[in-house]
Every structure is written in C-alpha cells, then in structure tokens.
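Below is one structure, written out as structure tokens; the observations come after it.
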Amino acid sequence: MTQSPAAPRSLSDEALSSLLIGQQFGTLATVKRSGHPHLTTMVYSWDPEARTVRFSSTADRVKVQHLRRNPRAALHVSGGDVWSFAVAEGETVVSESTTVPGDAVGRELLGMIPEAARPEDEAAFLEQLVAERRVVIRLKVDRLYGTALDIDG
C-alpha cells in the first residue's frame, strides 16, 4: 500500500508572526503599471503588535514609484525549510524622504536596525540617509497566511 503524500498545514497567526520575526529577508511584490507583479528581495522589520512591516528604500526606486501609484503589496518570506512560508499582504504608505539628519523619517529608519547592528557614528549614518534620499515603506498587514509541509526526509 502506498503512503499518501503529506498535505500542507496552515500556520497559526502566532507561527506566521514568529516566522516573520525569525527572518530578515523577504520578497516584496508590488504592482507594475501593466498589472504584472514586480518582485524584489528586501531586508525588512516586522512589528507584530502594529502588524506592520517596514522597509528602507530610496525615493527613486521603481518599487517606490509602484507603491505611490498603487499601494497594494505583499511580502513573501521563506521559513526554515523549502516547504514553509509566510505572506503578509496589505496596503503601504511611503514616507517622504528624510531631509534633515535626525528628522522623524531618519529616526524611524535608525529604529528599524537591530540594537546590536546600530552604527557607531549615528550622526554620520543619519547624514548618509539624507544623501541617499531614504524613505520608509510601511506595509500595514491586513492578511497574514502561510503553510508548512511536514515530510520526513
């Protein structure tokens, strides 16, 4: 008798949030003018209480142009194996560029960096953010889903 293949298992909201916390890279999907998806690998910061994913980008990036035109986006994050993933969907808000070292946008960008990875020269870092015309992309998650597939190797 043949064993039936394992079926994907839906992950709880808590498990999905843990997966998002445990990773730092994901694939952000935005919508091109043609309606096709635009995918890009991004470093992100997940705030489970606010159900918000934050990304740092520069004002001139294509993804920022897409999001200013159509704020819908999704973040796909792989789990610890090829069989598990989480997707965070929602609408985004793109901040204005940081224009003065230490302004609200610059402080938010600085706050997205884990404490252990914070720059030694904070003032120089904040100046660099202004020079790069950095923005914060905030994805307010209204749908969080994903699965895992339990298979024995």
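We did not get these values from a lab; they are worked out from the coordinates using the rules stated. This is a predicted model, so every value here is computed, not measured. Don't worry about glycine lacking a Cβ; one is built from the backbone with ideal geometry, like all the others, and counts go over all protein chains shown.
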- Message: With n ≥ 4 as the cut-off for DSSP H runs, can you work out [θ] at 222 nm for the chain, using -39500 (n - 2.57) per run divided by the number of residues, rounded to the nearest 500?
- Response: -6500 deg cm²/dmol
- Message: If I stretch the segment between residue 104 and residue 49 completely, what's the gain in nm (0.36 nm per residue apart, minus their alpha carbon distance), one decimal?
- Response: 17.8 nm
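Considering only DSSP states other than H, G, I, E and B, which GluC sites (Glu not before Pro) in the range 12-100 qualify as loop sites with at most 16 other Cβ atoms within 10 Å? Before the final figure, lay out each step's value.
Numbers: sites: 14, 49, 89, 91, 96; in loops: 49, 96.
Taking the range 12-100 and a limit of 16 other Cβ atoms within 10 Å, the loop GluC sites (Glu not before Pro) found are 49, 96.
What's the FRET efficiency of residue 10 with residue 65 using the Cβ-Cβ distance as r and R₀ = 30 Å, to the nearest 0.05? All intermediate terms of the calculation are to be shown ahead of the outcome.
On the way: r = 35 Å, r/R0 = 1.15.
Once the sixth-power term is evaluated, E becomes 0.30.
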- Task: Report, to two decimal places, the Cα Rg of the range 1-108 normalised by 2.2 N^0.38 Å (N = number of residues).
- Result: 1.28
